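Every number here is computed from the coordinates shown, using simple stated rules; none is lab data. The model shown is predicted, which means the values in this text are computed figures rather than measured ones. All Cβ positions, glycine included, derive from the backbone under ideal geometry; neighbour counts span all protein chains shown.
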Amino acid sequence: MTPTTSTPPERSPRIPEHTLARYPDSVRSARQHTAPELNHMVAMLQKAGADRIAIGHGRHPASVAAARALHAAWTAAGGSALDRVDWPETPASWLRPARRLTAGDPDAWVLADSIAGCAQVVRRLAQQENWTPARTIGFAGLASDDLVALTAPISLAGMCGPTATGGMWRIGDDRVVLADEPHRGR
């Protein structure tokens, strides 16, 4: 008799419901984007030298509106959007959206969704060879330590985005840092 060897199946990167329950703010619907946020996002992409971007978003109306607005603003500024990828709140897997987002080797990725939805897709993006958080920009609603906690042990260091007032946030080693907030305290 020949011994058989089997490889244990790879553990799903899906975040379990009991984990999401510990972060109740993460499952709230995405927030509506603002004009200062959108303008700063376009400027951030330009400053990063991006030309070809991929836009990913959940299916909540605020996420869809943010993705459409960015697509329009980015192409009006002379950039190109390789793809605009959406995903349902609870798919069987976020693997297809992650693969579509990374196809064509974009210069940058932009994400718009609830914190939980973004965390789910980021867990799959991390398995794609050409994805890196340092080339990923998120809308203001993603500037939360809950995103960092839900994606652990994946490091999101370098991911950044604009705040709703046109400032900037970024993810350090283990938390979100407001890099500047131009309208605060004025």
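Quick look at the values:
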quantity: Cβ-derived FRET efficiency at R0 25 Å, ASN39 paired with VAL177, nearest 0.05; calculated: 0.70
quantity: Folded to 0 to 90 degrees: helix 61-76 orientation relative to the chain principal axis, Cα; calculated: 60
quantity: Cα gyration tensor shape of the range 61-109, rounded if a/c is under 1.5, else prolate or oblate by comparing a/b with b/c; calculated: oblate
quantity: Stretchable slack from ASP51 to SER93, in nm (0.36 nm times residue separation minus alpha-carbon distance); calculated: 12.2 nm
quantity: Max mean-square fluctuation residue, GNM over the chain, Cα-Cα springs under 10 Å, options ALA108, ALA76, ALA126; calculated: ALA76
quantity: Under 5 Å, built H, 5+ apart or other chain: amide partners of ALA81; calculated: ILE53
quantity: Rounded FRET efficiency, nearest 0.05, which uses the C-beta distance separating ILE154 from ASP105 and R0 of 22 Å; calculated: 0.60
quantity: Residue-averaged [θ]222 nm for the chain, counting only DSSP H segments that reach four residues, each worth -39500 (n - 2.57); calculated: -9500 deg cm²/dmol
quantity: Cβ-based exposure ranking for LEU38, LEU178, LEU101, in which fewest neighbours within 10 Å come first; calculated: LEU178, LEU38, LEU101
quantity: Measure of compaction for the chain (Cα Rg per 2.2 N^0.38 Å); calculated: 1.06
quantity: The chain: angle of helix 35-47 to the longest principal axis, Cα-based, in degrees nearest 10; calculated: 70
quantity: Gaussian network model of the chain, Cα within-10 Å springs - most flexible of HIS71, HIS60, HIS18; calculated: HIS18
